[in-house]
Amino acid sequence: IRSVVLGCGSYLPERILTNAELASKVDTSDEWIVQRTGIKQRHIAADGEFTSHLAIKAAQAALANAGVDAQSIDLIVLATSTPDNTFPATAVAVQNALGITHGAAFDLQAVCSGFIFGLTTADSLLRTGAGKRALVIGAETFSRILDWTDRGTCVLFGDGAGAVVLEAQTQPGEASDRGVLTTHLRSDGRHKEKLFVDGGPSSTQTVGYLRMEGREVFKHAVGMITDVIVDAFKATGASAETIDWFVPHQANKRIIDASAHKLHIAPQKVVLTVDLHGNTSAASIPLALSVAVNDGRIKKGDLVLLEAMGGGFTWGSALIRW
Ligand code: ACO
């Protein structure tokens, strides 16, 4: 059994916050932000617009793109670090909005690596027969956990959501090699204080704000990313030459460029959305996938390499025959 991608979709809040507008609120400049991160703008959720609302719209877009009915979904894995509430899981709000009352829906938290962890979890459950069709969603409203007076972090993040529909397919013989081919997950809690939120239900009973040692994160990112990609290549025999598209977590253009360069991945294979979306954490990969599918770059049969790294630290890769 393989988990085959049937479709993907995404949603971005209407409001766009440009670097110029940010520069009128904190001591920064468009030039500094573009040079250090490649980010030009990000989307920000409206008052009353929650992570679940973004997730529902992305899920509906993914179902439409896949051409399948919501009732055929029996597993929803929603990756987020900005849930509507401490509980229940935001995934059940999505399930309810889609009118689904069977199967299972739950949230998963691995910060920026959330989509890779969610994809891996859904793929594993589908391959054991625990479900037949899954929605894997990454949805975030990081604008709600940013300290808007901290120029070192508030310029980096944005809100949004993306989703893919996966289906368990029994593949007779060598007929097709479509689907999730391999996934690799890693965590190392020694780094937990380099990127964290200084609040939570058990510790402070507040939501808290994102805190980051940017330089420390940067220092570890490229090595961790390339390690899990090498694992994906070793497991499948794929290489920088044989992949069609590289869809990395969109944190920072310099991290993406350095990783692609180290792995000898040609720049024209790299899907880049960080300029327009900022870092949307768990949502960034499915958002980028949607952009590249909708503009005709990613086509059925293409070999697509995903990777992410984020708070924890957590990091991971996935290789998919689309
Ligand atoms: N505008 C202007 N100046 C700024 C800003 C800003 N928005 N932010 C920081 N600065 C200043 C600092 O105060 C510092 O000034 P000083 O030298 O007078 O003290 C100077 O710029 C350099 O600061 P650094 O933090 O050393 O700058 P650096 O070149 O490392 O860039 C950045 C900072 C962009 C955060 C970088 O470290 C980075 O991208 N790190 C990776 C973090 C990341 O991507 N995290 C995302 C979450 S994890 C993930 O998704 C992978």
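The values are calculated or read from the model by the stated rules, or taken from the named source; none is laboratory data. Since we're looking at a predicted model, the values are computed, not measured. Here the Cβ is made from the backbone with ideal geometry for all residues, glycine too, and neighbour counts use every protein chain on show.
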Restricting attention to segment 201-215, and to residues there that are touching a residue at least 24 places away in the same chain (Cβ under 8 Å) and within 9 Å of the ligand (Cβ to nearest atom), which single residue is nearest to P88 (Cα to Cα)? L210
Test result for K269, buried (at least 16 other Cβ atoms within 10 Å of the Cβ), outside the structural domain of I44 (by TED's automatic domain parsing), charged (D, E, K, R) and out of contact with any Leu (no Cβ under 8 Å at 6 or more places or on another chain): yes
Exactly one condition in (1) within 10 Å of the ligand (Cβ to nearest atom); (2) closer than 28 Å to S124 by Cβ is false for R190; which is it? (1)
Among the candidates T141, T128, T121, which residue alone is among the β-branched types (V, I, T), away from the ligand (no atom under 12 Å from the Cβ) and surrounded by 24 or more Cβ atoms within 10 Å (Cβ to Cβ)? T141
Please work out if D231 is touching a Lys or Arg at 6+ places or on another chain (Cβ under 8 Å) and not aliphatic (A, V, I, L, M). no
Name the strands (runs of 3 or more DSSP E) wholly within segment 38-111 that hold at least 1 residues that are within 24 Å of G278 (Cα to Cα) and among the charged types (D, E, K, R)? 41-44, 104-108
Matching residues in segment 149-186 - criterion: being within 12 Å of the ligand (Cβ to nearest atom) and either assigned to a strand (DSSP E or B) or farther than 24 Å from A62 by Cα (or both): T149, D150, R151, G152, T153, C154, V155, L156, F157
Restricting segment 1-21 to residues that are within 21 Å of the chain's Cα centre (by Cα) and in a loop (DSSP other than H, G, I, E, B), the residue that is nearest to N294 (Cα to Cα): L12
Where a residue in segment 97-113 is modelled with pLDDT under 95 and its partner, wherever it lies, is more than 16 Å from the ligand (Cβ to nearest atom), with Cβ under 7 Å and at least six apart: none
Among the residues of segment 54-65, write down those that are touching an Asp or Glu at 6+ places or on another chain (Cβ under 9 Å) and surrounded by fewer than 22 Cβ atoms within 10 Å (Cβ to Cβ). none
Positions within segment 2-21 being surrounded by 14 or more Cβ atoms within 10 Å (Cβ to Cβ) and hydrophobic (A, V, I, L, M, F, W, C), in sequence order: V4, V5, L6, C8, L12, I16, L17
Only one residue in S72, S24 is more than 22 Å from the chain's Cα centre (by Cα), surrounded by fewer than 18 Cβ atoms within 10 Å (Cβ to Cβ), within 16 Å of the ligand (Cβ to nearest atom) and of a type in the set (S, T, Y), so which one is that? S24
Given the conditions (1) touching a residue at least 60 places away in the same chain (Cβ under 8 Å); (2) surrounded by fewer than 16 Cβ atoms within 10 Å (Cβ to Cβ), every one holds for A46 apart from (1)
Of everything in segment 188-226, what is under 24 Å from L306 (Cα atoms) and surrounded by fewer than 15 Cβ atoms within 10 Å (Cβ to Cβ)? Give them in sequence order. D188, G189, K192, R215, E216, K219, G223
